[in-house]
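Enquirer: Below is the structure I would like to discuss, written out as structure tokens.
Please treat every number below as a calculation from the coordinates, not as lab data. Quantities reported herein were computed from a predicted structural model and do not represent experimental measurements. Cβ atoms come from the backbone with ideal geometry, glycine included; neighbour counts cover every protein chain shown.
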Amino acid sequence: MDMDTAMTAELTLIRLMAWLSPGFPVGAYAYSQGIEQAVESGLIADAEALADWVGAAIAHGPGRLDADLFRMAWQAVDDDDVEALHRVAERAALLRGSAELALESAAQGAAFRRAVADAWPSPGPSRWLARLAQSPAEPSYAVAVGAVSAAAGLGLRPSLAAFLHAQAANLVSAGVRLIPLGQTQGQRALAALEADVLLAVEASLVRSEADIGSATPLIDLCSMLHETQYTRLFRS
């Protein structure tokens, strides 16, 4: 059995740490999912408000949606079902609350696929990256990471947990720079979000495909308003 289908726990850990680290070249540092507008509007002014905002995004908003898309893409690859993977990619392209959120997801997905193809050219991921490239819709970040994780033999639960934690960490980092907060305050906010991430993983694993979606209109609104914000540090 090759390494792509028989990953050890240690190798699973370091692969996820590499692919979902702040240093992986997907440009995650450039996006805030509307947090920049929320700070500008006074909706987020301290570490507690930041943790509440990110927690809501993970449980009910873009994070909830991405968790389901990730799970569905992972399952499609695990089932060796190319058509199912393409359907997930199409749904991901449609289920975005604003143009900036759609741009963020598509741009990071493309960057992730390029980086994995260049640095980890192993048979499983390479085969499924080629199949993703044939999708009629631009694969989102969640779809790309979910599909490649399955192709590399990474388990669904740890992969999804790592993905959502990385998403939470990126949003906290954006808040630290925007509010601004001290690094220790940012880490306290991230620590407070551990339970939210774990609960989001568990909820996604038992949720039906019919229940896919998000319910955070304020996040969507802030993302839309951010498109015309006078001064901007972030792309979304």
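Enquirer: Identify all residues within segment 173-232 that are among the acidic types (Asp, Glu) and either under 15 Å from Ala56 (Cβ atoms) or assigned to a helix (DSSP H, G or I) (or both); write none if there are none.
Expert: Glu194, Asp196, Glu202, Glu209, Asp211, Asp220
Enquirer: Confirm whether Ser98 is among the polar types (S, T, N, Q), in contact (Cβ under 8 Å) with a residue 12 or more places away in the chain and crowded, with 24+ Cβ neighbours inside 10 Å.
Expert: Spelling it out, it is not the case that Ser98 is among the polar types (S, T, N, Q), in contact (Cβ under 8 Å) with a residue 12 or more places away in the chain and crowded, with 24+ Cβ neighbours inside 10 Å.
Enquirer: Of all residues in segment 39-55 being aliphatic (A, V, I, L, M) and either without any contact (Cβ under 8 Å) to a residue 40 or more places away in the chain or part of a helix (DSSP H, G or I) (or both), which is surrounded by the fewest Cβ atoms within 10 Å (Cβ to Cβ)?
Expert: Among them, the one singled out is Ala49.
Enquirer: Report the residue count in segment 176-194 for those that are surrounded by fewer than 18 Cβ atoms within 10 Å (Cβ to Cβ) and either at positive phi or within 17 Å of the chain's Cα centre (by Cα) (or both).
Expert: The total comes to 1.
Enquirer: Could you pull out the residue among Ala169, Ala203 that is out of contact with any strand residue (DSSP E or B) (no Cβ under 7 Å at 6 or more places or on another chain), crowded, with 20+ Cβ neighbours inside 10 Å, touching a residue at least 12 places away in the same chain (Cβ under 8 Å) and hydrophobic (A, V, I, L, M, F, W, C)?
Expert: None of the others qualify; the one that does is Ala169.
Enquirer: So, in segment 123-152, how many residues would count as being β-branched (Val, Ile, Thr) and closer than 15 Å to Ala102 by Cβ?
Expert: Final tally of qualifying residues: 1.
Enquirer: Can I ask one more? Among the residues of segment 131-166, which ones are part of a helix (DSSP H, G or I), among the small types (Gly, Ala, Ser) and either touching a residue at least 40 places away in the same chain (Cβ under 8 Å) or surrounded by 24 or more Cβ atoms within 10 Å (Cβ to Cβ) (or both)?
Expert: Answer for segment 131-166, where residues must be part of a helix (DSSP H, G or I), among the small types (Gly, Ala, Ser) and either touching a residue at least 40 places away in the same chain (Cβ under 8 Å) or surrounded by 24 or more Cβ atoms within 10 Å (Cβ to Cβ) (or both): Ala142, Ala144, Gly146, Ala147, Ser149, Ala150, Ala151, Ser159, Ala161, Ala162, Ala166.
Enquirer: Listed residues Val145, Val82, Val116; which is in contact with a Leu (Cβ under 7 Å, 6 or more places away or on another chain) and among the β-branched types (Val, Ile, Thr)?
Expert: Val116
Enquirer: Turning to a different aspect of this structure: Out of segment 22-79, which residues are in contact with a Cys (Cβ under 9 Å, 6 or more places away or on another chain) and under 16 Å from Leu160 (Cα atoms)?
Expert: Matches in segment 22-79: none.
Enquirer: Of all the residues that make up segment 10-47, how many are out of contact with any Asp or Glu (no Cβ under 9 Å at 6 or more places or on another chain), of a type in the set (A, V, I, L, M, F, W, C) and more than 27 Å from Ser140 (Cα to Cα)?
Expert: 3
Enquirer: Restricting attention to segment 15-38, and to residues there that are of a type in the set (A, V, I, L, M, F, W, C) and surrounded by 17 or more Cβ atoms within 10 Å (Cβ to Cβ), which single residue is farthest from Ala150 (Cα to Cα)?
Expert: Result: Ala38.
Enquirer: List pairs: first residue in segment 14-38 and in contact (Cβ under 8 Å) with a residue 40 or more places away in the chain, second residue assigned to a loop (DSSP other than H, G, I, E, B) and aromatic (Phe, Trp, Tyr) anywhere in the structure, Cβ distance under 8 angstrom, at least six positions apart or on different chains.
Expert: Close Cβ pairs (under 8 Å, with a partner that is assigned to a loop (DSSP other than H, G, I, E, B) and aromatic (Phe, Trp, Tyr)) amount to Ala30/Phe234; Tyr31/Phe234; Ser32/Phe234; Ile35/Phe234; Glu36/Phe234.
Enquirer: Next question, about the same structure. Limited to segment 56-83, what total is found for residues that are more than 14 Å from the chain's Cα centre (by Cα) and either more than 21 Å from Val201 (Cβ to Cβ) or in contact (Cβ under 8 Å) with a residue 40 or more places away in the chain (or both)?
Expert: Residues that pass the stated criteria total 9.
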